[in-house]
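Student: Attaching a single structure in structure tokens format; questions to follow.
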Amino acid sequence: MKRKRLILIIFMTVCLMDVAAPAPQRSMELPIILKAEHQEFTEDRAIASGNVEISWEEYRIYADYMEYNLKTKEIIAEGRVTMISKETVLSGEKLLFNLNDRTGVLYDVQGQVPPSVSYRTDKLTQVDNDTLTFDRITFTSCTQLVPRWRISCSKGKIKKDKYIAMNNVFFKIKKIPVFYMPYLRYPLTESGRATGFLFPGIGRSNLRGFFLFNSFYWNIKPNVDLTLGLDYYGKAGIGMYEEFRYLFKFMEGNIKFYFFKYKPGVVLEEGETAPDDSSFYSRNASDYFLEMSHKQNINFLNTKIIVSIDKQSDANFLRLFSNDFDAVLRRVSRSSVSITSNFANNIKFSINAAVHDTFYTFNNSSRSLRYLPTVSFNWNQQKIWMLPGRFSLNTSFSNVQRVGKSYDEDEGLFVTDISSQRINIQPTYSLSMIKTPWLSVKADISSKHSFYMKSRDPNISISKPEAILDEPLHLSYNTASVEMKGPIFSKIFEFKNSKLKHLIEPKITMRYVTQVDPDDRAKLIPVDNFDYPSYSYVGFSLTNRLLTKGKTASSAREVLSHIISQDYYFDPELAHRGRKINGMFPEFSELKNTLRFRPFQHLSLDAQLIYNHFLESEKFLDNFTRIRLNLSYTNRKSFLWGNFSYTRYVNPYLSKAHVFNRDVIGGKLNLDIPGFPIKIDSNINYDITAKEFRYGSTKIIFDYQCIKFIGELRMFRYGGRIETQFNAGITFGNLGMVKDFLGIRD
């Protein structure tokens with residue numbers, strides 16, 4: 001009984017103590033977390049002083065003194081005020097901030113935006129959670145104690161984590177104004193994608209004169225942007241361009257268009273003789289260039305639309321303006337539109353229209369292949385009942401036109417300015433006979449049937465119109481081929497810290513093709529490579545591979561690969577398409593060697609050597625029709641990297657004086673010494689056959705601690721035209737330089 005009374009007394013005492021305890025402080029009811037040395041609360045205010053710290057959502061505010069209005073939810077902070085969020089760090093003398101609408105004003109502001117942008121302004125106003133406005137601002141992304149450059153403006157706004165938009169902008173290096181811009185957007189993102197003007201590029205060309213590139217970039221949406229440009233060439237005229245890029249869930253692409261208006265003094269009148277290659281001239285009052293790519297997926301029948309356009313009003317236009325050194329002798333442009341639908345994963349239907357143009361710069365001529373259109377229906381790798389193997393069927397209709405002369409093949413191989421319509425049907429049966437890790441054998445049997453709407457009279461030259469007859473032609477042949485890979489031999493060599501594996505992989509391909517009636521083949525109107533029948537041959541190849549693996553490595557790395565191959569022809573005339581080497585049709589193909597040697601991760605040697613025994617040259621090296629050597633070191637963390645290359649091309653069917661037969665050497669060298677402010681990129685190419693310099697460039701980038709000065713000298717030759725060009729520019733932080741309309745210059 002006494003125990004029960006004791007428990008009751010203790011319980012009542014605890015209850016009385018709870019009633020007598022003081023009420024919790026009003027600060028516990030605030031929507032903010034408040035810490036300070038001194039706190040005072042009234043009916044509608046919370047007052048704090050001494051090392052005040054306020055935490056609210058993603059914001060942290062530090063101050064000497066703070067008042068918080070419980071009714072309006074407005075904060076007034078003074079004395080060494082610092083406001084931190086995930087996007088910015090702000091410091092000022094006085095802060096007014098409303099928690100309801102996230103608006104406020106900070107006076108005498110110093111701010112920082114990751115990663116390195118700092119700015120100063122008298123008054124900064126937050127109009128919403130993502131936007132700050134100001135009247136005057138000075139900012140830089142230079143992290144030096146005394147910044148190398150600054151940007152100042154009269155007014156503008158800051159979009160958090162996006163950009164700073166400014167009006168009446170002055171750029172200053174040290175304290176010296178360099179130039180003025182009426183409007184600028186400085187990107188705050190790592191990608192540097194923000195609406196605004198890019199820094200202009202300037203330079204001089206001995207052919208085109210002084211030039212100035214200007215661009216305006218409009219970041220419409222995160223997935224859509226537009227670049228507008230205006231170029232001026234002192235000796236040539238004015239160019240305008242746009243580049244529109246887009247990316248959506250089922251669609252992506254870009255459209256680039258350039259229009260150039262020539263100066264009246266450089267346009268040749270009809271019948272007027274062109275000056276020499278050292279002068280700039282044009283036969284058109286204006287020219288254009290269009291480049292477009294578009295990919296789109298449609299759910300209906302799993303359809304895909306692909307558009308690719310590379311078109312110019314005059315092929316010589318790009319010859320005069322392009323800085324692409326690889327287009328020295330010719331330029332190939334391809335435009336196509338295709339619609340492809342897939343059914344049941346193995347049936348494909350497609351419609352395609354394509355134009356392939358080749359412009360030869362050395363004699364100002366062109367060749368065009370036009371497929372308008374090609375319609376195809378393919379049934380791929382289908383099982384048939386219980387039979388082993390798989391069956392496929394390829395069918396197509398093509399309307400093909402060939403205009404102009406090609407300098408890549410023998411003159412008698414293809415006829416110029418001719419068209420053909422053909423239907424092709426080709427069933428194929430494939431069977432995997434053996435499939436093991438060390439040996440695989442597969443066989444293919446196919447029958448190709450080509451139906452042509454027209455044929456030609458073999459007794460009349462095909463270049464004459466009367467040689468084309470309205471008589472259909474059917475060419476057919478059957479093919480049986482067997483491919484065997486293996487048996488593969490291997491041996492492993494073990495060392496102290498690694499293993500080395502040597503693999504030998506032989507491969508034999510045998511193909512037999514039934515003969516096409518020679519009388520029917522003589523009636524063929526050849527337009528492209530598809531029109532030539534296949535041929536019988538036996539092919540041999542041998543691959544040697546070396547793989548290494550360290551004791552702790554998870555996978556092996558290929559150190560060396562060498563492939564040697566050659567074919568033996570049963571139908572030499574068909575295999576060479578009627579072209580002879582030294583008056584004969586060789587029974588053997590050229591001997592092909594391909595080598596890749598990679599002793600270290602960033603060091604590699606790639607080589608291809610193709611030897612033709614039937615050229616019967618006096619010198620052994622002259623029998624190599626293809627030589628490609630490329631030694632490269634690609635470690636960009638090193639202070640020095642680059643490559644050296646040697647290339648030889650010889651057409652065995654044509655004279656050694658053919659325009660495309662040549663030996664060329666070249667190389668690239670990049671120098672970037674850590675801690676040294678100058679970076680050098682160089683490139684050179686020399687034509688051994690013509691004994692003349694083809695092109696060379698040297699770009700020097702001087703990093704003046706937050707400012708990059710860029711200068712580039714280019715010299716190149718286009719078939720008699722010698723071009724010397726100097727480009728210069730400057731970049732500040734995330735503000736990059738403009739590019740030319742082909743996107744060659746950074």
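The values are calculated or read from the model by the stated rules, or taken from the named source; none is laboratory data. Predicted model, so just to flag it, every value in this text is computed and none were measured. Using ideal geometry, Cβ is built from the backbone for each residue, glycine included, and neighbour counts are taken over all protein chains shown. Please note that ligands, DNA and RNA were not included when accessible areas were found on the heavy atoms of the full protein model with its side chains. Shrake-Rupley method; radii C 1.70, N 1.55, O 1.52, S 1.80 Å.
Student: Of all residues in segment 349-392, which are part of a strand (DSSP E or B), farther than 18 Å from VAL527 by Cα and free of Cβ contacts under 8 Å to residues at least 40 places away in the same chain?
Tutor: PHE349, SER350, ILE351, SER376, PHE377, ASN378, TRP379, ASN380, GLN382, PHE391, SER392
Student: Scan segment 537-546 and give yes if some residue there is surrounded by 15 or more Cβ atoms within 10 Å (Cβ to Cβ), in contact with a helix residue (DSSP H, G or I) (Cβ under 7 Å, 6 or more places away or on another chain) and closer than 30 Å to THR594 by Cα, otherwise no.
Tutor: yes
Student: Something else: I'm told LYS304 meets every condition in (1) out of contact with any strand residue (DSSP E or B) (no Cβ under 7 Å at 6 or more places or on another chain); (2) modelled with pLDDT of 90 or more except one. Can you identify the failing condition by its number?
Tutor: Just one mismatch for LYS304, condition (1).
Student: Quickly run through segment 619-649 and pick out the residues that are surrounded by fewer than 16 Cβ atoms within 10 Å (Cβ to Cβ), in a strand (DSSP E or B) and among the basic types (Lys, Arg).
Tutor: ARG628
Student: If you take the residues of segment 479-516 that are in contact (Cβ under 8 Å) with a residue 12 or more places away in the chain and in a loop (DSSP other than H, G, I, E, B), which of them is surrounded by the fewest Cβ atoms within 10 Å (Cβ to Cβ)?
Tutor: This residue is ASN497.
Student: Also: Of the residues that sit in segment 155-167 and are outside any strand (DSSP E or B) and open to solvent by 50 Å² or more (accessible area, probe 1.4 Å), which one is modelled with the highest pLDDT?
Tutor: At the first step, the residues of segment 155-167 found to be outside any strand (DSSP E or B) are 160-162.
Pick out the ones that are also open to solvent by 50 Å² or more (accessible area, probe 1.4 Å) and you get 161-162.
Details: ASP161: 75, LYS162: 78.
Once the filter is applied, the top-ranked residue is LYS162.
Student: Hey, another quick one. Give the residue, chosen from TYR232, TYR288, TYR246, that is touching a Phe, Trp or Tyr at 6+ places or on another chain (Cβ under 7 Å), modelled with pLDDT of 90 or more and over 26 Å from LYS699 (Cα atoms). Give the steps one after another, and end with the answer.
Tutor: Details: TYR232 fails: over 26 Å from LYS699 (Cα atoms); TYR246 fails: touching a Phe, Trp or Tyr at 6+ places or on another chain (Cβ under 7 Å).
None of the other options fit; the residue is TYR288.
Student: Within segment 658-666, is even one residue part of a strand (DSSP E or B), open to solvent by less than 20 Å² (accessible area, probe 1.4 Å) and at pLDDT 90 or above?
Tutor: Yes, segment 658-666 contains a residue that is part of a strand (DSSP E or B), open to solvent by less than 20 Å² (accessible area, probe 1.4 Å) and at pLDDT 90 or above.
Student: Mind telling me which of the residues THR121, THR143, THR82, THR88 ends up being among the polar types (S, T, N, Q) and under 21 Å from ASN51 (Cβ atoms)?
Tutor: Exactly one of THR121, THR143, THR82, THR88 is among the polar types (S, T, N, Q) and under 21 Å from ASN51 (Cβ atoms), namely THR82.
Student: Name the residues in segment 323-341 that are at pLDDT below 90 and either among the aliphatic types (A, V, I, L, M) or in contact with a Pro (Cβ under 9 Å, 6 or more places away or on another chain) (or both), would you?
Tutor: Scanning segment 323-341 gives ALA327, VAL328, LEU329, VAL332.
Student: Could you check LYS551 against (1) over 27 Å from the mean Cα position of the chain (by Cα); (2) surrounded by 13 or more Cβ atoms within 10 Å (Cβ to Cβ) and say which number it fails?
Tutor: (2)
Student: Taking the condition hydrophobic (A, V, I, L, M, F, W, C) and modelled with pLDDT of 85 or more, does VAL178 pass?
Tutor: No: the conditions fail for VAL178.
Student: Still on this model: Those residues that are assigned to a loop (DSSP other than H, G, I, E, B), farther than 21 Å from SER398 by Cα and over 42 Å from the mean Cα position of the chain (by Cα), I need them from segment 437-478; list them, please.
Tutor: If the condition is that a residue be assigned to a loop (DSSP other than H, G, I, E, B), farther than 21 Å from SER398 by Cα and over 42 Å from the mean Cα position of the chain (by Cα), then ASP457, PRO458, ASN459, ILE460, SER461, SER463, LYS464 are the ones that fit.
Student: Tell me yes or no: at least one residue of segment 297-307 is more than 29 Å from the chain's Cα centre (by Cα) and not aromatic (Phe, Trp, Tyr).
Tutor: yes
Student: Still on this model: Could you identify the single residue in ARG150, ARG204, ARG245 that is touching a Cys at 6+ places or on another chain (Cβ under 9 Å) and basic (Lys, Arg)?
Tutor: Details: ARG204 fails: touching a Cys at 6+ places or on another chain (Cβ under 9 Å); ARG245 fails: touching a Cys at 6+ places or on another chain (Cβ under 9 Å).
Every option except ARG150 fails the conditions.
Student: Provide a single number: the residues in segment 80-99 that are among the aliphatic types (A, V, I, L, M), open to solvent by less than 30 Å² (accessible area, probe 1.4 Å) and outside any loop (DSSP other than H, G, I, E, B).
Tutor: Looking only at segment 80-99, we keep the residues that are among the aliphatic types (A, V, I, L, M), and these are 81, 83-84, 89-90, 95-96, 99.
Restricting the remaining residues to those that are open to solvent by less than 30 Å² (accessible area, probe 1.4 Å) gives 81, 83, 90, 95, 99.
Now restrict to residues that are outside any loop (DSSP other than H, G, I, E, B): 81, 83, 90, 95.
Residues in segment 80-99 being among the aliphatic types (A, V, I, L, M), open to solvent by less than 30 Å² (accessible area, probe 1.4 Å) and outside any loop (DSSP other than H, G, I, E, B): 4 in total.
Student: Report yes if GLY239 is assigned to a strand (DSSP E or B), in contact (Cβ under 8 Å) with a residue 40 or more places away in the chain and closer than 29 Å to SER335 by Cβ, otherwise no.
Tutor: Here the answer is yes, as GLY239 does meet what is asked.
Residues are listed down the side, and each one gets a yes or a no for (1) loosely packed, with under 14 Cβ neighbours inside 10 Å; (2) in contact (Cβ under 8 Å) with a residue 40 or more places away in the chain; (3) at positive phi:
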residue: ILE54; (1), (2), (3): no, no, no
residue: TYR62; (1), (2), (3): no, no, no
residue: TYR68; (1), (2), (3): no, no, no
residue: GLU78; (1), (2), (3): no, no, no
residue: ASP101; (1), (2), (3): yes, no, no
residue: ASP122; (1), (2), (3): yes, no, no
residue: GLN126; (1), (2), (3): no, no, no
residue: GLN144; (1), (2), (3): yes, yes, no
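Student: Something else about it: Does any residue in segment 176-201 that is closer than 21 Å to GLY111 by Cα and outside any strand (DSSP E or B) come within less than 7 Å, Cβ to Cβ, of a residue that is modelled with pLDDT of 80 or more and polar (S, T, N, Q) six or more places away or on a different chain, and which pairs are these?
Tutor: Close Cβ pairs satisfying both conditions: ALA194/ASN219.
Student: Being under 21 Å from ARG511 (Cα atoms) and in contact with a Lys or Arg (Cβ under 7 Å, 6 or more places away or on another chain) narrows it down to one residue among SER565, SER589; which is it?
Tutor: SER565
Student: Return yes when VAL527 is touching a residue at least 60 places away in the same chain (Cβ under 8 Å) and either β-branched (Val, Ile, Thr) or part of a strand (DSSP E or B) (or both) and no when it is not.
Tutor: So VAL527 passes the test.
Student: Quick check on LEU70: is it under 22 Å from LYS159 (Cβ atoms) and either at pLDDT 90 or above or over 52 Å from the mean Cα position of the chain (by Cα) (or both)?
Tutor: Against the criterion (under 22 Å from LYS159 (Cβ atoms) and either at pLDDT 90 or above or over 52 Å from the mean Cα position of the chain (by Cα) (or both)), LEU70 does not qualify.
Student: Right, another one. When you check ILE423 against the structure, is it in contact with a Pro (Cβ under 9 Å, 6 or more places away or on another chain), within 14 Å of ASN399 (Cα to Cα) and hydrophobic (A, V, I, L, M, F, W, C), yes or no?
Tutor: On the way: in contact with a Pro (Cβ under 9 Å, 6 or more places away or on another chain): no; within 14 Å of ASN399 (Cα to Cα): yes; hydrophobic (A, V, I, L, M, F, W, C): yes.
Considered against the rule, which asks whether it is in contact with a Pro (Cβ under 9 Å, 6 or more places away or on another chain), within 14 Å of ASN399 (Cα to Cα) and hydrophobic (A, V, I, L, M, F, W, C), ILE423 comes out as no.
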